[in-house]
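See structure below.
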Amino acid sequence: MDAALEELKAGVRRFRTDIYPDNKDAYVKAASVPQKPHALIVTCADSRIDPELITQSQPGDIFVTRNVGNLVPAYGEMLGGVSAVIEYAVSALKVQHVAICGHSDCGAMKALLNPASLEKLPTVKSWLTNAQAALSVANSLAHKDDSASDSLRQLTEENVLLQLQHLRTHPSVAGAMAKGELTISGWVYDIGTGEVRISEDGGRVFVPVAIEGHKK
């Protein structure tokens, strides 16, 4: 028996019996009208990240693409799946916002800090060249007394900021932003606490999303 497949099937059964019935109207509506997501989220392929859950989005609300390290290659350097998703989301679906979401304990960022770990992963190593400049910036900002967690946090943030720079090189994004039809932001999601910190309006500071009635 394929244990992994059986676990997936069990999840499908729970969805069909427990989740779908309570949300049937939303799914029927989603299937009957063209999709019109308001945002694109570029996030990591890490299995612990669930952008729909984090943003409490319903079917049709957000367009999502995931890859190792939540990277966006600069336009023209690695044209492929990520570039196609961005172009389609912005030019065809007319999303109003693009968010790039990094996260705590990111394996891709850890690999950048420990290049030897990539020796047997040549494809991943090549892909992560799209984050190399973030490592250079993080190293330049480092302090001698920084802990490993400090270094990882700094790199995670710098990577998100770098990918936002890359995002702006895409013609569809540049054009939509120039016309005031699109905004972008950088996010860092903390898996352990559930906190999301966001850099808006081109700033370098990631500010926690405030929760009404709660103090940070």
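Contact annotation: residue pairs with Cβ atoms under 8 Å, 6 or more positions apart or on different chains, pairing a residue in region 4-24 that is free of Cβ contacts under 8 Å to residues at least 24 places away in the same chain with a partner that is assigned to a helix (DSSP H, G or I), are TYR20/TYR27. With respect to being more than 28 Å from ILE62 (Cβ to Cβ), of a type outside the set (Ser, Thr, Tyr) and touching a helix residue (DSSP H, G or I) at 6+ places or on another chain (Cβ under 7 Å), LYS110 falls outside the description. Looking across region 93-131, the residues that are open to solvent by less than 10 Å² (accessible area, probe 1.4 Å), β-branched (Val, Ile, Thr) and more than 14 Å from GLU157 (Cβ to Cβ) come down to VAL95, VAL98. With respect to (1) farther than 23 Å from SER47 by Cβ; (2) surrounded by fewer than 14 Cβ atoms within 10 Å (Cβ to Cβ), the lone exception for GLY192 is condition (1). Of all residue pairs spaced 6 or more apart or on separate chains, those with beta-carbon atoms under 9 Å, a first member in region 130-153 that is in contact (Cβ under 8 Å) with a residue 40 or more places away in the chain and a second member that is in a helix (DSSP H, G or I) and open to solvent by 50 Å² or more (accessible area, probe 1.4 Å) are LEU152/LYS110; LEU152/LEU113. Only one of the numbered conditions (1) open to solvent by 50 Å² or more (accessible area, probe 1.4 Å); (2) farther than 20 Å from LEU40 by Cβ; (3) at pLDDT 95 or above is violated by THR169, and that is (2). Restricting attention to region 32-54, the residues being under 22 Å from LEU8 (Cβ atoms) and either open to solvent by 70 Å² or more (accessible area, probe 1.4 Å) or free of Cβ contacts under 8 Å to residues at least 40 places away in the same chain (or both) number 6.
Quick test for you: out of ALA10, ALA26, ALA31, pick the one residue that is closer than 29 Å to SER172 by Cα, out of contact with any Ser or Thr (no Cβ under 6 Å at 6 or more places or on another chain) and part of a helix (DSSP H, G or I). Spell out the reasoning first.
On the way: ALA10 fails: closer than 29 Å to SER172 by Cα; ALA26 fails: closer than 29 Å to SER172 by Cα.
Of the residues listed, the single one that is closer than 29 Å to SER172 by Cα, out of contact with any Ser or Thr (no Cβ under 6 Å at 6 or more places or on another chain) and part of a helix (DSSP H, G or I) is ALA31.
Here is a yes/no grid of residues against (1) at pLDDT 95 or above; (2) within 17 Å of the chain's Cα centre (by Cα); (3) within 26 Å of GLU87 (Cα to Cα); (4) of a type in the set (Asp, Glu):
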residue: ALA138; (1), (2), (3), (4): no, no, no, no
residue: HIS143; (1), (2), (3), (4): no, no, no, no
residue: THR156; (1), (2), (3), (4): yes, yes, yes, no
residue: GLY175; (1), (2), (3), (4): yes, no, yes, no
residue: GLU181; (1), (2), (3), (4): yes, no, yes, yes
residue: GLU195; (1), (2), (3), (4): yes, yes, no, yes
residue: GLY213; (1), (2), (3), (4): no, no, no, no
residue: LYS216; (1), (2), (3), (4): no, no, no, no
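Within region 9-30, being within 14 Å of ASP61 (Cα to Cα) and either in contact with a helix residue (DSSP H, G or I) (Cβ under 6 Å, 6 or more places away or on another chain) or hydroxyl-bearing (Ser, Thr, Tyr) (or both) holds for one residue alone: TYR27.
The values are calculated or read from the model by the stated rules, or taken from the named source; none is laboratory data. Model, not experiment: these values are computed from the prediction. Every residue, glycine as well, gets a Cβ built from its backbone with ideal geometry; the counts of neighbours run over all protein chains shown. With ligands, DNA and RNA removed, areas are computed over all heavy atoms of the protein, side chains included. Shrake-Rupley method; radii C 1.70, N 1.55, O 1.52, S 1.80 Å.
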